[in-house]
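Student: Quick one: this structure, given as structure tokens, is what I'll be asking you about.
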Amino acid sequence: MAQRQHTMWITLFIVTLLVWFSETQAGKYCEHVIHKCRQGNISWTTCYENEITTCRVGGRIPIPNFIRVKVDLSQEAEVSPTPHHRVYIPSSALQRSRGRESDHEVQLVATLINSSFFELSPPPKTRGHVQPHMQGTVMGGSVLAVRAGVSHVKDLPQPIKLIFKHDKTMQNGICVFWQESLHMVGKGRWSTGGCETNNTDTEFICSCNHLSFFAVLVNPVLSVDKSNAVALSYITYIGSTLSVFFTIISLIIYICLQCRRPEKAIGVHMQLTGALLCLHLSFLLCCLSGWLLKDNEDSLVCRGLGLFLHWSLLATFSWAALEGFHLYLLLVKVFNIYVRRYMLKLSLVGWGLPTLTVVVCGILGVYGKYIVNVRDDNNSTSQICWMSSQFPQRVLVSYITTVAFPCLVILYNSCMLGMVVFRIWGLRRGCHGTESTISWKKMNKEKMTRLWKDCTTVLGLSCVLSLTWGLLSTTYISLPGIYVFTILNSLQGVSMFLWSVAVTRKSRSDNDSSIRDHSSSQKMMTTSFNN
């Protein structure tokens, strides 16, 4: 009995020893290095760079996309951990990486790491202002780790070259490396320091003067080269200037019409035109102020202009929604409605909601200088007075007030426009029986005339209801979409002027004759929309 117990204890001890030995050896295998380093109290990237050169290869779980080879110091080294990644290291960099050792070869390691291991630290503050992280996502979700020799190399006179293959949809990537945080262990941020980006049709070529953890940050927004950016800027400035001029004329026309014959619809048009005038005028002022500001300057005037621009944008969409609401009342309720102090109530919504929103944003410090990174050879920047780039919740505020709210307005007004088209179609069917007595040639001519008038009415209503802003979705997929969106929306003031001219002609024709052809959908639309 005692001998059995003795044997059992010896067996238990041997099993425990084997388990301990296997766990100790497992920690030395390369596939376990990253998990071991992340459990430590030091920077896991530093630990990984040190351990990956001495770990054991060939454990139970093979490491995919992992290369560790000895390379000659006198020649350029080339390794490809995957078919989509290549690394070229010049001889000068290899010689510096060996440190004080006299060997003619150094060990080179290249592997891919999942980008989820790289945790971003909170944005740093400079002079009380938050510096936001670089925008974008890691292409392919993979980070290329490169380590050579025993010494860290930096400030190389001849840079190393890293190639990341991509498809043609990735046209706006930028080469970055992982920079550890000095205050938070295991976290950091992506930086472009010491790296240059060259993009071909199929590859991102990164030229960096140091070895580290490298990646390519890509942004889903369609990139625009410098020549197209300049052309779009000129279109925007010229279009906004024309819109300011024509909205002033439109306001004068509406004021004259309102004085001659007060109508609720003209009052709504006048409010929308005033908001649109403020929008284009504030945009031009914000651009001009952004040019005049110095790089480190964020004046009170710029914050005020940013508030004015935001308020004008919200007011424009508010009154566009009220245009759709007014059209709904006239189409559904027709003329059997009466709302006491109708224009006053609309004004409280159209002007009050934007005012309340920008006051809250102003108190929170949302407004200031917004910096746009221009991706050219000089890595230049452009700035405009808008929502400050240094405000930590800028993206959230921007999405709620300048994306979600306009989308709701566009969706609602699209339904209103659909009702208009449906009403036109219904009137056409009602008129079909009266056309049997008209000659075929004359009937076709009248159909073409009516079709042209109907298309003009629908197009004019689309501009008045701000539906052209819905083309914003096309700017994410094609360059022509960006041009169409820029042209139509920068010239929205001109569209409002043309609509005001149409309203004026309708008003004159109503004064000339009191008998109208009620079978015409154009008459129905204009009459309904102007009462």
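Student: With the condition kept exactly as written, say whether any residue in segment 217-236 is aliphatic (A, V, I, L, M), in a strand (DSSP E or B) and modelled with pLDDT of 90 or more.
Tutor: No, that holds for no residue.
Student: I need the full set of residues from segment 192-202 which are touching a strand residue (DSSP E or B) at 6+ places or on another chain (Cβ under 7 Å), buried (at least 16 other Cβ atoms within 10 Å of the Cβ) and over 21 Å from E49 (Cβ atoms), in order please.
Tutor: Within segment 192-202, T197 is the sole residue that qualifies.
Student: Right, something else. Condition test on G40, is it assigned to a loop (DSSP other than H, G, I, E, B), at pLDDT 60 or above and either among the hydroxyl-bearing types (S, T, Y) or under 30 Å from E119 (Cβ atoms) (or both)?
Tutor: In short, yes.
Student: In segment 159-173, which residue that is closer than 20 Å to G194 by Cα and modelled with pLDDT under 90 is surrounded by the most Cβ atoms within 10 Å (Cβ to Cβ)? So that I can check it myself, show each step before the final result.
Tutor: In the first step, residues of segment 159-173 are kept if they are closer than 20 Å to G194 by Cα; the result is 159-164, 172-173.
Now drop any that are not modelled with pLDDT under 90, which leaves 172-173.
Values: N172: 16, G173: 22.
Among those residues, the one meeting the criterion is G173.
Student: Tally up the residues in segment 140-175 that are out of contact with any Lys or Arg (no Cβ under 9 Å at 6 or more places or on another chain), of a type in the set (A, V, I, L, M, F, W, C) and assigned to a strand (DSSP E or B), please.
Tutor: Count: 6.
Student: So, one more: Within segment 306-327, is there a residue that is surrounded by 16 or more Cβ atoms within 10 Å (Cβ to Cβ), touching a strand residue (DSSP E or B) at 6+ places or on another chain (Cβ under 9 Å) and modelled with pLDDT under 85?
Tutor: no
Student: So, in segment 194-215, exactly how many residues are assigned to a loop (DSSP other than H, G, I, E, B), farther than 12 Å from P159 by Cβ and touching a residue at least 12 places away in the same chain (Cβ under 8 Å)?
Tutor: Initial filter on segment 194-215 (assigned to a loop (DSSP other than H, G, I, E, B)): 194, 200-202, 209-212.
Now narrow it down to the ones that are farther than 12 Å from P159 by Cβ: 200-202, 212.
Okay, now just the ones that are also touching a residue at least 12 places away in the same chain (Cβ under 8 Å), so 201-202, 212.
Qualifying residue count for the region: 3.
Student: Could you check segment 386-403 and list, in sequence order, the residues that are under 19 Å from T355 (Cβ atoms) and open to solvent by less than 60 Å² (accessible area, probe 1.4 Å)?
Tutor: Looking only at segment 386-403, we keep the residues that are under 19 Å from T355 (Cβ atoms), and these are 386-387, 397-398, 400-402.
Residues satisfying the conditions are W386, M387, V397, S398, T401, T402.
The values are calculated or read from the model by the stated rules, or taken from the named source; none is laboratory data. Please read all numbers here as calculations on a predicted model, not as lab measurements. In this analysis, Cβ positions are derived from the backbone assuming ideal geometry, glycine residues included, and neighbour counts consider all displayed protein chains. With ligands, DNA and RNA removed, areas are computed over all heavy atoms of the protein, side chains included. Shrake-Rupley method; radii C 1.70, N 1.55, O 1.52, S 1.80 Å.
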